[in-house]
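Heads up: the structure comes next, in structure tokens.
The values are calculated or read from the model by the stated rules, or taken from the named source; none is laboratory data. Keep in mind it's a predicted model, so treat the numbers as computed, not measured. Here the Cβ positions follow ideal geometry from the backbone for every residue, glycine too, while neighbour counts run over all protein chains shown.
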Amino acid sequence: MNYEDESRPLLAESQEQGEEEDRSEQDAYLDKVKNGKLYLATFAAVLGPLSFGFVLGYSSPAIPDLQRITDQRLKLSTEEASWFGSVVTIGAGLGGLLGGWIVEKIGRKLSLMFCALPFIFGFTIIIAAQNHWMLYAGRVLTGVASGVTSLVVPLYISEMAHERVRGTMGSCVQLMVVTGIMGAYITGLFLDWRWLAITCSIPPTVMLVFMCFMPETPRYLISQGKRREAEEALRFLRGPNAPTEWECDKIEEAARDEEANFCLADLKDPGVYKPLGVGIMMMLLQQLTGINAIMFYAETIFEQAHFQNGNVATVIVAATQVVFTAIAAVIMDRAGRKILLILSGIAMCLSEAAFGIYFKLSVKGQTNSSLVSALMGVGDGISGAPQPDLSWLALASMGIFIAGFALGWGPTPWLVMSEIFPTRVRGLGSAACVLTNWTFAFIVTKTFQNLMDLLTSAGTFWMFSVLCALNVIFTIFFVPETKGKTLEEIQAHFKGRHSR
């Protein structure tokens, strides 16, 4: 008789019972938690992404002002304006690398306070600018701050929040980014570029003050051997009625399974290379939807689609993004990450395909020879007015694309990035993801107009549509569902075992 075979069902049953007991203990604990101060700490942290959004949105209203001014020391040519807008992504890539280092050296809280300084100094340099180089330097500094922020804030929130609200709290990062973009667009309608820069410096200043009163994350404190400080942080975040010693024990137990420092041999560990692969691919695929290129060139796209008031259209696009990102934040912990990513990918795939059809049908008198010329880059192939009954297609396609992106592929990659890495590689893994995101943001943004010239407008949007379909396939087969799971359970999933 094979006693090993007979014991397997018993072991499985025992394991399931243990998991049920752990889950019931977790539910009983969370029922006693008060979230008021957790929301306060989250608000203080997401002032960073709000500042980040103002940085991204600043160039859109500021560039026309800087191209119209009479001061030749500051007046921007078309090429200089392009660099003024895009140099932020270079700074952000550097900030992502810097953030991965400082978040492990000085902690999550101090890293957030640190990144407020280049925000403030960068906008101060822009306000006081006397030449182009001061403008560029200010943009690079605010870009560095944005890169650090995009790494640190998701980590800070994910390590503070419990699994019942972590999705909603994490989605607030992208919500505040798009709110900042919209805020810059709207404020830019009324203020010139200097006063707009002054306005943009307010959120990071407020964040610096607020973060002085917020705690460090319990998981980071445990990783540094500071058990007493971790319990105090949990008491602040969970309220007076929650038995925080129980949660602290769970975090400490999980921390014992991890080595103190990362080494190259850890790349053979499925608990490291699997989340690293998922995180990097999600960031790459997010940018290959074309979102940053489409937002950067939104006014141009609307002009090519024959909408006369492009600046108003971009404000409407930004407002749409805010609304649907807010919806994603509300439903993230109910619907789950995967289903929102899949629905988002399908919506973007169909809308970009429809946008391609719009541009294709906009071609007046196109023949085979003119199509060949367009494909060879001789021209975009768009001439004359579009079919008068098709203008709605461009507006509807853009609206559906922005709504779809905001529901899934906007907030979720940043949320998942903050959830999937073990503590010892969280800084390094997040830095790799942020660097990937900003590198491809720069590449896609800089090559978008070249793609439009080479493939025609229709071909470019069809290419992005195919890439969105790949997003859906990747999500189905490789992205784990993290809804309702502790960070320790997510890490156990990648290692191929159950968390106890």
Query raised in the report: Which pairs do you get when a residue that is of a type in the set (Ser, Thr, Tyr), found in segment 24-53, comes within reach of a residue that is surrounded by fewer than 16 Cβ atoms within 10 Å (Cβ to Cβ) and part of a helix (DSSP H, G or I), reach meaning Cβ atoms under 7 angstrom, with the pair 6+ apart or on two chains?
Result: 29/246
Report task. State whether the residues of segment 441-454 include one that is within 22 Å of residue 345 (Cβ to Cβ), modelled with pLDDT of 85 or more and in contact with a helix residue (DSSP H, G or I) (Cβ under 7 Å, 6 or more places away or on another chain). Result -> no
Query raised in the report: What residue, of 125, 106, is in the same structural domain as residue 160 (by TED's automatic domain parsing), closer than 19 Å to residue 191 by Cβ and without any contact (Cβ under 8 Å) to a residue 24 or more places away in the chain?
Result: 125
Query raised in the report: Got a sec? Which helices (runs of 4 or more DSSP H) wholly within segment 204-321 have at least 1 residues that are surrounded by fewer than 20 Cβ atoms within 10 Å (Cβ to Cβ) and either modelled with pLDDT of 70 or more or of a type in the set (A, V, I, L, M, F, W, C) (or both)?
Result: 227-238, 244-256, 270-287
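Per-residue answers, yes or no, for (1) more than 23 Å from residue 318 (Cβ to Cβ); (2) buried (at least 18 other Cβ atoms within 10 Å of the Cβ); (3) modelled with pLDDT of 90 or more:
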site	(1), (2), (3)
104	yes, yes, no
130	yes, no, no
149	no, yes, yes
156	yes, yes, yes
Query raised in the report: Taking residue 76 and the conditions (1) of a type in the set (A, V, I, L, M, F, W, C); (2) within 19 Å of residue 176 (Cβ to Cβ); (3) not in a helix (DSSP H, G or I), which numbered condition does it fall short on, given that it satisfies the others?
Result: (2)
Query raised in the report: Does segment 165-182 contain any residue that is hydrophobic (A, V, I, L, M, F, W, C), under 23 Å from the mean Cα position of the chain (by Cα), surrounded by fewer than 20 Cβ atoms within 10 Å (Cβ to Cβ) and not in a loop (DSSP other than H, G, I, E, B)?
Result: no
Query - Pairs with Cβ under 7 Å, 6+ apart, first in segment 467-479 and part of a helix (DSSP H, G or I), second among the small types (Gly, Ala, Ser) - result: 468/345; 471/345; 472/345; 475/345
Query raised in the report: Looking at segment 473-500, which of the residues that are modelled with pLDDT of 85 or more and buried (at least 19 other Cβ atoms within 10 Å of the Cβ) is farthest from residue 343 (Cα to Cα)?
Result: 479
Query raised in the report: Among (1) assigned to a helix (DSSP H, G or I); (2) surrounded by 23 or more Cβ atoms within 10 Å (Cβ to Cβ), which single condition is residue 186 missing?
Result: (2)
Report summary line: Among residues of segment 128-142 being touching a residue at least 12 places away in the same chain (Cβ under 8 Å) and of a type in the set (Gly, Ala, Ser), the residue nearest to residue 52 (Cα to Cα) is 138
Query raised in the report: For segment 101-137, what are the residues that are of a type in the set (Gly, Ala, Ser), assigned to a helix (DSSP H, G or I) and farther than 20 Å from residue 207 by Cβ?
Result: 137
Query raised in the report: Any residue at all in segment 59-69 that is at pLDDT below 85, loosely packed, with under 13 Cβ neighbours inside 10 Å and under 30 Å from residue 129 (Cβ atoms)?
Result: yes
